[in-house]
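Data first, discussion second: the structure below is written as structure tokens.
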Amino acid sequence: MATARRRTLHAAAAALLLVTCGGEPEPAGEAGGGGGARTVRVALFNVQEMSTAKLMDVDDKGEGQDPQLRAAAAILQRIRPDVLVLEEIDHDYDGAEHGLDLNARRFVQAYLTRGEAPLDFRYTWAAPNNTGLLSGLDLNGDGIVATEKDLRTRAHGDDSFGYGEYPGQYSMAVLSRLPLLPDRARTFARFRWQSLPGHHMPVGFYAEAAREALRLSSKSHWDLPVQVADTVLHLLVSHPTPPVFDGEEDRNGRRNFDEIRFWALYLDDAPELEDDAGRQGGYDSDAPFVVVGDLNARPNADESLYDGRTAISQLLEHPRIQDTGDLLISEGGRRGRPAGPPDHWERATTGFGGGSRIDYLLPSIGIEVLDGGVFWPDAASDPEGAAWADAASDHRLIWLDLRLP
């Protein structure tokens with residue numbers, strides 16, 4: 001079975017080189033139909049600082065005008081995912097009476113449904129995130145507690161439960177052409193860091209009140225089910241803090257490690273986990289899932305090394321997870337450098353450090369992975385696509401075609 005799996009991956013990877021050099025992937029199917037009712041294309045796109053102001057930059061016909069978001073929309077209209085996780089999208093708390101998915105709907109209406117290849121997502125969803133929500137505590141150890149007077153400053157972000165210079169910055173949303181099942185979703189925004197079994201909170205850095213109150217998730221951890229024909233696929237969504245911007249205490253590196261550790265414990269059905277509705281326990285299901293997120297963790301990282309391992313190895317080596325690194329590749333990320341170990345330049349999803357893999361789609365064992373890629377075309381082969389990728393974000397869109405069991 002392992003050999004057959006490798007053959008499937010390598011064949012698909014070879015086909016993908018045609019895509020990333022300027023061709024276009026065949027859609028998985030209209031809203032997950034196409035070649036099989038249980039086939040679905042899942043994508044992740046961290047669109048850098050996708051603010052409310054950018055989303056509301058429209059002309060008198062309601063068409064989006066922001067150049068960055070127009071480039072992001074062009075990429076999505078080419079790849080045409082059935083299910084999309086957006087990260088770094090603002091939650092518009094001024095319009096919260098219209099739902100936290102308001103900005104996701106604005107993106108659909110003002111950008112994605114426009115142009116020659118309109119793309120519509122009938123279903124959108126978002127839940128509260130910790131970004132920019134003031135804790136009322138000194139979380140950065142500077143002896144000062146930030147207040148609303150510090151709005152739109154780093155001081156505000158540092159003393160919020162999750163970094164954000166205003167409430168809702170750097171949040172998340174899910175867009176789908178398939179029905180979402182929000183009544184069955186679980187969220188963990190309020191789960192406390194010190195409640196995580198085996199946590200790595202720095203000793204002696206936080207005051208006792210801060211240690212008691214600090215939440216694990218810098219944004220949130222979501223388990224959102226999606227209906228794919230007669231099967232349910234669970235999206236396990238998060239966006240851990242970057243393991244930098246701290247001091248010798250390594251509070252962000254430790255938090256990154258533990259935000260990723262949460263999913264490993266969730267898949268092990270750890271009884272200590274408690275969601276925002278008060279339900280305890282982890283993933284007690286055999287239903288297929290995919291871990292989705294900019295996890296801010298490199299496979300060959302030299303930061304966030306705890307328990308003798310890297311942060312992301314907790315998932316890449318988890319017995320319930322497939323590592324799709326062989327498929328999530330691009331010529332733009334490789335930039336002419338040698339493919340394969342030890343650097344795997346072809347797997348880069350950002351340009352950080354010359355090229356880093358920090359964005360992930362990790363499906364469960366039992367899902368058949370048909371195809372996938374990183375939208376990062378080689379500029380010589382696809383100058384238009386390469387220009388879109390550069391303009392849209394400091395991250396690249398990643399996608400997988402999945403056939404569910």
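With the structure loaded, tell me whether Asp269 is within 16 Å of the chain's Cα centre (by Cα), closer than 27 Å to Pro363 by Cα and charged (D, E, K, R) or whether it fails that test.
No; evaluated as a whole, the condition is false for this residue.
Name the one entry in Ala127, Ala96, Ala104 that is open to solvent by less than 20 Å² (accessible area, probe 1.4 Å) and part of a helix (DSSP H, G or I).
That would be Ala104, the only listed residue that is open to solvent by less than 20 Å² (accessible area, probe 1.4 Å) and part of a helix (DSSP H, G or I).
Would you confirm whether any residue within region 293-316 is at pLDDT 95 or above and more than 25 Å from Phe352 (Cβ to Cβ)?
Within region 293-316, not a single residue is at pLDDT 95 or above and more than 25 Å from Phe352 (Cβ to Cβ).
Let me spell it out: the conditions are (1) open to solvent by less than 30 Å² (accessible area, probe 1.4 Å); (2) farther than 30 Å from Trp399 by Cβ; (3) not β-branched (Val, Ile, Thr), and Asp90 meets all of them except one. Which number is the exception?
The one condition Asp90 does not meet is (2).
For the subset of region 180-202 comprising residues that are in a strand (DSSP E or B) and open to solvent by less than 30 Å² (accessible area, probe 1.4 Å), which member is farthest from Asp159 (Cα to Cα)? If you could, list the steps in order and put the result at the bottom.
Here is the first cut: in region 180-202, the residues in a strand (DSSP E or B) are 180, 186-187, 192.
Filter again for open to solvent by less than 30 Å² (accessible area, probe 1.4 Å), leaving 180, 186-187.
Values: Leu180: 34, Arg186: 26, Thr187: 22 Å.
The extreme case among them is Leu180.
Kindly indicate which of Phe257, Phe205 is open to solvent by less than 10 Å² (accessible area, probe 1.4 Å), at pLDDT 95 or above and not in a strand (DSSP E or B).
Result: Phe257 is the single residue among Phe257, Phe205 that is open to solvent by less than 10 Å² (accessible area, probe 1.4 Å), at pLDDT 95 or above and not in a strand (DSSP E or B).
Which number in (1) small (Gly, Ala, Ser); (2) surrounded by fewer than 22 Cβ atoms within 10 Å (Cβ to Cβ); (3) free of Cβ contacts under 8 Å to residues at least 24 places away in the same chain; (4) assigned to a loop (DSSP other than H, G, I, E, B) marks the one condition that Ala146 misses?
Ala146 satisfies all of (1) small (Gly, Ala, Ser); (2) surrounded by fewer than 22 Cβ atoms within 10 Å (Cβ to Cβ); (3) free of Cβ contacts under 8 Å to residues at least 24 places away in the same chain; (4) assigned to a loop (DSSP other than H, G, I, E, B) except (2).
Please indicate, with yes or no, whether at least one residue in region 172-179 is in contact with a helix residue (DSSP H, G or I) (Cβ under 6 Å, 6 or more places away or on another chain), crowded, with 24+ Cβ neighbours inside 10 Å and either modelled with pLDDT of 95 or more or not in a loop (DSSP other than H, G, I, E, B) (or both).
We begin by selecting, within region 172-179, every residue in contact with a helix residue (DSSP H, G or I) (Cβ under 6 Å, 6 or more places away or on another chain); these are 173, 175, 177-178.
Of the ones still in play, those that are also crowded, with 24+ Cβ neighbours inside 10 Å are 173, 175.
Next, only the ones that are either modelled with pLDDT of 95 or more or not in a loop (DSSP other than H, G, I, E, B) (or both) stay: 173, 175.
Yes, region 172-179 contains a residue that is in contact with a helix residue (DSSP H, G or I) (Cβ under 6 Å, 6 or more places away or on another chain), crowded, with 24+ Cβ neighbours inside 10 Å and either modelled with pLDDT of 95 or more or not in a loop (DSSP other than H, G, I, E, B) (or both).
Specify the residue that is surrounded by the most Cβ atoms within 10 Å (Cβ to Cβ); the eligible residues are those in region 260-272 that are in contact (Cβ under 8 Å) with a residue 60 or more places away in the chain and part of a loop (DSSP other than H, G, I, E, B).
Applying the filter and picking the extreme gives Ala270.
If you take the residues of region 92-111 that are hydrophobic (A, V, I, L, M, F, W, C) and free of Cβ contacts under 8 Å to residues at least 24 places away in the same chain, which of them is farthest from Leu76 (Cα to Cα)?
In this case the residue turns out to be Ala96.
Cβ-Cβ distance below 6 Å, separation of 6 or more or different chains: which pairs start in region 377-389 with a residue that is within 17 Å of Thr350 (Cβ to Cβ) and end on one that is open to solvent by 60 Å² or more (accessible area, probe 1.4 Å) and of a type in the set (Gly, Ala, Ser)?
Filtered contacts from region 377-389: Ala386/Ala379.
Could you check Arg357 against (1) within 22 Å of Asp401 (Cα to Cα); (2) modelled with pLDDT under 95 and say which number it fails?
Here Arg357 clears every test but (2).
Scanning region 366-387 for residues that are surrounded by fewer than 24 Cβ atoms within 10 Å (Cβ to Cβ) and under 20 Å from the mean Cα position of the chain (by Cα), which turns out farthest from Ala71 (Cα to Cα)?
Going through the qualifying residues, I end up with Ile367.
Anything in region 315-335 that is open to solvent by less than 20 Å² (accessible area, probe 1.4 Å), part of a helix (DSSP H, G or I) and closer than 15 Å to Pro363 by Cβ? List them, or say none.
Selection gives Leu315 alone.
Among the residues of region 221-240, which ones are outside any strand (DSSP E or B) and surrounded by 24 or more Cβ atoms within 10 Å (Cβ to Cβ)?
Passing the criteria: His239, Pro240.
If we keep just the residues of region 336-365 that are of a type in the set (Asp, Glu) and outside any loop (DSSP other than H, G, I, E, B), which is least open to solvent (accessible area, probe 1.4 Å)? Break it down into steps so the answer makes sense when it comes.
Initial filter on region 336-365 (of a type in the set (Asp, Glu)): 343, 346, 359.
Then drop every residue that is not outside any loop (DSSP other than H, G, I, E, B), which leaves 346, 359.
Numbers: Glu346: 22, Asp359: 4 Å².
Across region 336-365, the extreme among qualifying residues is Asp359.
Could you look through region 284-314, keep only residues that are assigned to a loop (DSSP other than H, G, I, E, B) and open to solvent by less than 10 Å² (accessible area, probe 1.4 Å), and pick out the one that is nearest to Asn252 (Cα to Cα)?
This residue is Ser304.
The values are calculated or read from the model by the stated rules, or taken from the named source; none is laboratory data. For clarity, every value in this text was computed on a predicted model and none was experimentally measured. Cβ coordinates were reconstructed from backbone atoms using ideal geometry, including for glycine residues, and neighbour counts include every protein chain displayed. Heads up: the accessible areas ignore ligands, DNA and RNA and are worked out on the full protein's heavy atoms, side chains in. Shrake-Rupley method; radii C 1.70, N 1.55, O 1.52, S 1.80 Å.
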